[in-house]
2 protein chains.
Amino acid sequence: MRSALRAAARGVRGANPVVGAAVLSASGEVLHVGHHRGAGTPHAEVDALRAAREAGTDLRDTTLVVTLEPCHHTGRTGPCSGAILEAGVPRVVYAVGDGTDTARGGAAALMERGVDVRAGLLAEDARDLNARWFRAQEQQRPFVTLKIAQSLDGRVAAADGTSRWITGEAARGEGHALRSRVDAILVGGGTLRSDDPSLTARDATGGPLTRQPLRAVMTTRPVPADARVRRGVVRAEEHDGRFVHLDTHDPHEALARLRGLGVSHVLVEGGPTVAAAFLSCDLVDELWLHQAPVLLGAGAPSVGDLGIGTITAASRWRGDPVGVPDDRAVAPVGEDLRWHLRPARGTPDADSLDAGASRPGAPATPQRHPASRTPAGPAPTPGSGPADARGTATNSPDDTSSAP
Amino acid sequence: MRSALRAAARGVRGANPVVGAAVLSASGEVLHVGHHRGAGTPHAEVDALRAAREAGTDLRDTTLVVTLEPCHHTGRTGPCSGAILEAGVPRVVYAVGDGTDTARGGAAALMERGVDVRAGLLAEDARDLNARWFRAQEQQRPFVTLKIAQSLDGRVAAADGTSRWITGEAARGEGHALRSRVDAILVGGGTLRSDDPSLTARDATGGPLTRQPLRAVMTTRPVPADARVRRGVVRAEEHDGRFVHLDTHDPHEALARLRGLGVSHVLVEGGPTVAAAFLSCDLVDELWLHQAPVLLGAGAPSVGDLGIGTITAASRWRGDPVGVPDDRAVAPVGEDLRWHLRPARGTPDADSLDAGASRPGAPATPQRHPASRTPAGPAPTPGSGPADARGTATNSPDDTSSAP
């Protein structure tokens with residue numbers, strides 16, 4: 001299970017939990033490992049079994065260890081329970097149950113077909129690994145990533161409002177890679193007005209990446225008709241021009257709206273007021289902070305007022321080595337530094353996550369958490385909501401110089 | 001020379017330059033290395049020769065490589081030139097000249113006594129290694145270290161002014177170790193009034209460290225008679241109660257005054273206004289930034305207005321692995337992160353630093369920079385200036401809970 005947990009940590013945070021799996025020999029030796037690489041890619045079990053198949057491993061006397069209960073969801077690629085049965089693995093050990101409406105029942109299905117299933121091994125570690133993902137599911141909202149690019153002294157712009165570029169090319173590259181993994185990018189009205197960002201995911205040459213998220217602006221003021229965010233990327237054949245105006249100041253309302261549009265993972269990119277709104281509601285599950293070795297001494301702070309009056313009430317975070325290029329929560333990126341953090345508090349009540357299934361050999365029981373894993377295959381397409389969620393594709397000139 | 005440069009980087013920044021030395025065999029093999037560990041400890045050459053002596057190495061056909069011209073200063077332990085002659089090393093290669101009034105002439109003295117002396121090897125690297133130290137010497141002022149303990153978002157205190165403790169015990173321990181290495185600690189009137197710090201160097205148990213710096217407050221307002229900074233540490237036998245009130249807002253004036261008191265290395269500890277004053281004048285040679293994984297959203301910023309209007313005018317820094325515990329410019333310290341930085345700009349004109357001596361074999365000529373290295377032995381005692389520079393020792397109760 002430790003190998004599986006380590007493998008899980010190679011995944012990325014977002015719409016899906018990070019999950020790892022290992023195939024053990026009869027003597028307990030780790031033969032193969034696998035992990036889930038994010039929405040739209042094979043689940044960890046399937047990844048590990050694929051490795052075993054490619055190596056020609058005889059699975060008849062092996063054990064499959066997985067950090068989350070195998071799903072029982074029939075999506076594009078079929079349930080993991082089915083894949084396990086098909087592979088002929090006789091024993092399955094998992095850490096925590098999957099209480100999903102759609103996915104649950106994997107353990108029960110396997111047991112019904114004669115697989116020896118045990119649960120609860122290192123359950124606490126496995127729960128902790130995805131604590132904020134479980135919480136987001138519980139709250140029936142998208143997973144929220146906050147990204148900040150700031151100076152050493154916590155400024156995201158200089159006194160005159162300029163912010164291009166606080167961080168260097170490598171950090172910006174990480175930011176664009178992150179954009180390409182989420183379902184939506186959200187900014188506030190201040191960022192809209194000061195930066196007029198296009199909010200597109202681009203490569204090093206400024207060209208659009210294949211996957212473009214929904215572009216959301218959260219403001220109670222109008223979004224100008226000529227705002228770049230309405231247009232999106234410039235090559236019509238490579239984007240879908242998706243844009244949504246979230247006419248609210250309430251992060252809960254914004255997230256509910258985005259969820260209705262099929263968004264499972266949203267990237268909040270600024271500015272200080274929007275960041276503070278999400279942070280104050282404890283709605284940030286993951287924080288990417290790129291920090292450049294520069295001092296500004298004035299200009300917009302990275303985070304607005306959080307309502308924190310005294311030092312003991314500070315919002316506390318901890319390093320998260322999951323889903324970053326070099327497995328280091330804090331690491332240099334070019335000349336800058338990247339922090340990858342998650343909240344140090346606010347984890348859900350661990351015991352409530354896999355009651356029943358944590359008793360070795362017990363059948364998986366229905367869970368009260370509406371957790372769900374997106375099945376393998378493309379993520380749900382945002383834009384299925386209200387008509388104003390869709391913008392219009394344009395063929396305007398390349399605007400790479402204009403976005404944050 | 002590369003070995004010597006690497007050894008030099010093990011030293012600490014401050015009153016003296018970092019210097020490394022290596023003893024090479026006739027075939028060029030590195031037999032021993034040495035480095036200078038800070039004011040009051042043996043110079044690098046002496047350190048390397050001591051290692052050779054302890055190992056019983058025959059020095060008759062060796063070469064001593066050193067990153068800075070051996071000093072010719074007769075202090076408590078005699079000049080390095082004398083130590084080299086006494087050891088009988090026939091060849092010396094150094095990188096950059098020492099243009100000090102007191103120390104210069106080492107190369108010439110060695111040559112006069114028949115030693116084969118060459119200069120200029122990797123001179124640029126050696127100059128860069130101590131660029132800010134050379135600059136401070138040139139400006140005839142103490143070396144200035146700025147230390148900041150801040151939140152992720154660049155706050156040094158919460159909205160209500162509380163700041164104990166933003167960073168954890170390990171980071172505070174590094175701060176106290178730093179205090180014990182400097183000649184003076186300086187804070188501004190704001191920090192004095194909000195924190196009433198004692199500005200003493202303490203160990204993990206709160207007890208005073210052996211070496212206590214001069215305590216300086218830079219403010220044009222009066223320093224209350226009962227301010228802790230006037231009292232210093234609490235065990236009379238272990239401290240000297242030194243305090244100075246610098247009645248100015250001008251960092252140049254404050255530094256001149258401190259220099260007059262025998263201070264070669266000053267630690268600026270805050271607050272934002274004082275930090276900004278020194279930064280704006282490009283008077284910070286070294287920056288220690290401890291950053292805790294917390295967000296505050298409000299409260300005093302770490303650095304006040306620097307007069308920087310736009311992003312391209314940002315004050316740029318670079319990682320400095322010299323003189324930090326694990327040779328990493330950015331490293332975790334407990335739950336916090338430590339940045340060790342030096343200015344990315346503002347290095348002096350390198351060519352002016354060792355004119356003459358950079359010509360291999362040329363005699364060291366008088367230099368125009370009044371650089372000086374503190375001779376081995378205790379650093380000059382601050383407090384030899386005006387009478388008000390000396391406070392009064394007290395026996396008040398332990399005040400470890402009251403200082404930043």
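Which one is farthest from the other protein chains (Cβ to nearest Cβ) among residues in segment B:144-199 that are in a loop (DSSP other than H, G, I, E, B) and touching an Asp or Glu at 6+ places or on another chain (Cβ under 6 Å)? Among those residues, the one meeting the criterion is B:SER198.
Select from segment A:104-130 the residues that are part of a loop (DSSP other than H, G, I, E, B), out of contact with any His (no Cβ under 6 Å at 6 or more places or on another chain) and within 11 Å of A:PRO70 (Cβ to Cβ) and write down the one among them that is modelled with the lowest pLDDT. Result: A:ARG104. Residues in segment A:259-276 that are more than 23 Å from B:THR310 (Cβ to Cβ) and either touching a His at 6+ places or on another chain (Cβ under 7 Å) or not in a helix (DSSP H, G or I) (or both): A:LEU261, A:GLY262, A:VAL263, A:SER264, A:HIS265, A:VAL266, A:LEU267, A:VAL268. When A:VAL274 is tested against (1) within 30 Å of B:HIS340 (Cβ to Cβ); (2) buried (at least 24 other Cβ atoms within 10 Å of the Cβ), just one condition goes unmet, and that condition is (1). In segment A:177-214, of all residues being over 22 Å from A:LEU261 (Cβ atoms) and in contact with a strand residue (DSSP E or B) (Cβ under 9 Å, 6 or more places away or on another chain), the one that is modelled with the lowest pLDDT corresponds to A:ARG202. Would it be correct to say that A:ALA298 is modelled with pLDDT of 95 or more and either in a loop (DSSP other than H, G, I, E, B) or over 25 Å from the mean Cα position of the chain (by Cα) (or both)? So A:ALA298 passes the test. Scanning segment A:30-48 turns up no residue that is out of contact with any strand residue (DSSP E or B) (no Cβ under 7 Å at 6 or more places or on another chain) and farther than 30 Å from A:THR210 by Cα. The number of residues in segment B:298-334 being surrounded by fewer than 17 Cβ atoms within 10 Å (Cβ to Cβ), more than 11 Å from chain A (Cβ to nearest Cβ) and either β-branched (Val, Ile, Thr) or within 20 Å of B:ARG132 (Cβ to Cβ) (or both) comes to 2. One residue alone among B:VAL182, B:VAL274, B:VAL223 is under 17 Å from the mean Cα position of the chain (by Cα) and either aliphatic (A, V, I, L, M) or within 21 Å of B:GLY38 (Cβ to Cβ) (or both), and that residue is B:VAL182.
Could you check segment B:200-211 and list, in sequence order, the residues that are under 17 Å from B:VAL268 (Cβ atoms) and either assigned to a helix (DSSP H, G or I) or without any contact (Cβ under 8 Å) to a residue 60 or more places away in the chain (or both)?
Within segment B:200-211, just B:ALA201 meets the criteria.
Could you tell me which numbered condition A:SER163 fails, if it satisfies all but one of (1) surrounded by 23 or more Cβ atoms within 10 Å (Cβ to Cβ); (2) more than 30 Å from A:GLU253 (Cβ to Cβ); (3) small (Gly, Ala, Ser)? If we test A:SER163 against (1) surrounded by 23 or more Cβ atoms within 10 Å (Cβ to Cβ); (2) more than 30 Å from A:GLU253 (Cβ to Cβ); (3) small (Gly, Ala, Ser), just (2) comes out false.
Residues that are more than 14 Å from every other protein chain (Cβ to nearest Cβ), touching a residue at least 60 places away in the same chain (Cβ under 8 Å), within 28 Å of A:GLY319 (Cβ to Cβ) and crowded, with 24+ Cβ neighbours inside 10 Å occur at least once in segment A:116-126. Could you say whether any residue in segment A:1-9 is crowded, with 21+ Cβ neighbours inside 10 Å, charged (D, E, K, R) and touching a residue at least 12 places away in the same chain (Cβ under 8 Å)? No, the conditions are met nowhere in segment A:1-9. Looking only at segment B:252-264, decide whether some residue is touching a Pro at 6+ places or on another chain (Cβ under 9 Å) and either within 13 Å of chain A (Cβ to nearest Cβ) or closer than 17 Å to A:GLY299 by Cα (or both). Within segment B:252-264, none of the residues are touching a Pro at 6+ places or on another chain (Cβ under 9 Å) and either within 13 Å of chain A (Cβ to nearest Cβ) or closer than 17 Å to A:GLY299 by Cα (or both). The requirement of being at pLDDT 95 or above and more than 7 Å from chain B (Cβ to nearest Cβ) is satisfied by A:ASP285.
The values are calculated or read from the model by the stated rules, or taken from the named source; none is laboratory data. Since we're looking at a predicted model, the values are computed, not measured. Don't worry about glycine lacking a Cβ; one is built from the backbone with ideal geometry, like all the others, and counts go over all protein chains shown.
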